[in-house]
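Chemist: Got a structure here, written out as structure tokens. Questions coming.
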Amino acid sequence: MLMKRKLFVPNLATVCAAVLLLSASALAGHHKSKSDIVDTAVAAGSFTTLAAALEAGGLIDTVKGDGPFTVFAPTDDAFAKLPAGTVESLLLPENKDKLVAILTYHVVSGTVLAADVVNLSSATTLNGSDLTIKVDNGTVFINNARVAIADIGASNGVIHAVDTVLLPN
């Protein structure tokens, strides 16, 4: 009698957790990672909506490019704070231009570490608009978004996790 054996296939959350544990040292402080910004964000496990948006906007290759780039990356929780249906709408092909404008508003050319950010009052994004930078009681804000985690190093720049999606005017 043949016995059927179940093949263990880990779910995406398990794989992401394992990758996160393996890459924890790369995400601490401003140590450079061997992974680019996109791969580092995906490995962190809290930027899945951002990764999907970058793909829908056709920006994966740009953000994987040489850089260096500074990305003020909205977490999945930040995207969840948008009105219901907003993310789904932005991911539609007919809204690609709007999506690209929003995503490039989160990216600054060059590597801007937390130590640099606190000395700036603004930064020009890849979409040509400026972000307002302020420090309030030791907390850095980019427009109205709080920097939750700073200096996540990547091979082509740095990521600062923010708690709110930045929307250009």
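Since every read-out is calculated from the coordinates, none of them should be taken as a lab result. Not measured: the values here are computed from a predicted model. Methodologically, a virtual Cβ is constructed for each residue, glycine included, from the backbone with ideal geometry; neighbour enumeration extends over all protein chains shown.
Chemist: Let me have the relative contact order for region 116-167, percent, based on Cα pairs under 8 Å that are six or more residues apart.
Modeler: Across region 116-167, relative contact order equals 23 percent.
Chemist: Count charges around Leu59 for me, please; just the other residues with Cβ under 15 Å from its Cβ, Lys/Arg as +1, Asp/Glu as -1.
Modeler: Once all neighbours under 15 Å are counted, the net charge is -3.
Chemist: Along the charge dipole of region 31-162, which of Ile159, Gly138, Ala148 sits closest to the positive end, that is, farthest toward it, with unit charges on the beta carbon of Lys, Arg, Asp and Glu (+1, +1, -1, -1)?
Modeler: Gly138
Chemist: Another one. For region 31-162, take every pair of Cα atoms, bin their distances at 10 Å starting from 0, and report each bin as a whole percent.
Modeler: Pairs per bin, as whole percents: 13, 46, 35, 6, 0.
Chemist: Same structure again: Could you tally up the Lys pairs in region 31-162 with alpha carbons closer than 20 Å? Skip any pair fewer than 8 positions apart unless they're on separate chains.
Modeler: 4
Chemist: Another question, then. Counting other Cβ atoms within 10 Å, which trypsin sites (Lys or Arg not before Pro) in region 65-169 have at most 13 and lie in a DSSP loop?
Modeler: Lys81
Chemist: Which ³J(HN,Hα) values, rounded to whole Hz and listed in residue order, are derived for region 122-136 from phi using the Karplus coefficients 6.51, -1.76 and 1.60 in 6.51 cos²θ - 1.76 cosθ + 1.60 with θ = phi - 60°, glycine and proline given as x?
Modeler: Rounded to whole hertz, the list is 7, 8, 8, 8, 5, 8, x, 8, 9, 9, 8, 10, 9, 10, 10.
Chemist: Give me Val112, Val135 sorted ascending by neighbouring Cβ count inside 10 Å, so fewest comes first.
Modeler: Listing Val112, Val135 from fewest to most nearby Cβ atoms yields Val135, Val112.
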